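One structure is given below, encoded as structure tokens.
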Amino acid sequence: MIALAFGLLLIHLTLGLIFLAHGAQKLFGVSGGHGLQGTIHMIEMLGLHPAKWWAIAAAGGEFIGGLLMALGLFTPLAALLIASAMLVAIIRAHVPKGFWNSQGGYEYPLVLFIVALALGVIGAGPYSLDGAIGFAALNPAWFIVGLLFLVILGLVTWLPSTSWVQKHWHALQP
């Protein structure tokens, strides 16, 4: 049991710190990041509109999700925030480049997505703030509701890249 608890600590701490750092780059420009303006520009290049909203959602999701995951606090919510950022990144930025990470593909973001989902289902374990305050992992049915939301988010971000939507995009705008 101690080995499992320690393993979960290593996983949630590492995943959380990775996303906390990525979110800080995108929001505040730390560690060579481009800050929020650079993130907005990147989101515009991916074709998501309104770009500012998507940039704040992506960067904020990574930052807040990373912080919560590193602390092991409200782990299912942290997992969904991280997974949503990775799902959009996979669909919009990495799928067109293929599978392999060495070519900019979705291999590594997919691993991060799956690890986040696994922690969302399992929880962060006893060596976490969730463990300290007695917050158990969500009932799997509620987590599935969150996953369904992710599927809808994936469709919303994928649809503008389909050829039919691209042809008719201006007609779909209010």
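The values are calculated or read from the model by the stated rules, or taken from the named source; none is laboratory data. Just so it is clear, the structure is predicted and the values come from calculations on it, not from any experiment. A quick note on method: Cβ atoms are made from the backbone with ideal geometry, for glycine too, and the neighbour counts reach across all protein chains shown. These accessible areas exclude ligands, DNA and RNA; they are computed on the full protein's heavy atoms, side chains included. Shrake-Rupley method; radii C 1.70, N 1.55, O 1.52, S 1.80 Å.
Where the accessible area of the chain is counted over protein heavy atoms with a 1.4 Å probe, how much of it, in %, is carbon and sulfur?
Ligands and nucleic acids excluded, carbon and sulfur give 75 percent.
Can you run phi through the Karplus equation (6.51, -1.76, 1.60; θ = phi - 60°) for segment 114-124 and list ³J(HN,Hα) in whole Hz, with x for Gly and Pro?
Result, ordered by residue: 5, 4, 4, 4, 4, 5, x, 7, 7, x, 8 Hz.
Can you tell me the orientation of helix 35-46 relative to the chain, as the angle in degrees between its alpha-carbon axis and the longest Cα principal axis, to the nearest 10?
Tilt of helix 35-46: around 60 degrees.
Please give the helix 163-172 orientation as an angle from the longest Cα principal axis of the chain, in degrees from 0 to 90, rounded to the nearest 10.
With rounding to tens, the tilt is 80 degrees.
What percent of all Cα-Cα pairs in segment 41-87 falls into each 5 Å bin, going from 0 up to the bin containing the maximum distance?
The calculated distribution, bin by bin, is 5, 26, 26, 19, 12, 9, 4.
Please list 38-51, 6-19 highest first by mean number of surrounding beta-carbon atoms within 10 Å per residue.
Details: 38-51: 16.8, 6-19: 18.5.
Ranking the peptides 38-51, 6-19 by packing returns 6-19, 38-51.
With everything on Cα atoms, drop me the angle between helix 2-28 and the longest principal axis of the chain, reported from 0 to 90° to the nearest 10.
30 degrees
Whole number in Å², please: accessible area per residue of the chain, 1.4 Å probe, ligands, DNA and RNA not counted. Mind showing how you got there, number by number?
Values: 9760 Å² over 174 residues.
Spelled out: the 1.4 Å probe surface of the chain, per residue, equals 56 Å².
Once you keep just the Cα pairs under 8 angstrom separated by 6 or more residues, what percentage relative contact order results for segment 1-106?
In percent, rounded to a whole number, it is 25.
Quick one: grab the alpha carbon gyration tensor of the chain, order the square roots of its eigenvalues as a ≥ b ≥ c, and give me rounded if a/c is under 1.5, else prolate or oblate depending on whether a/b is larger than b/c.
In terms of gyration-tensor shape, prolate.
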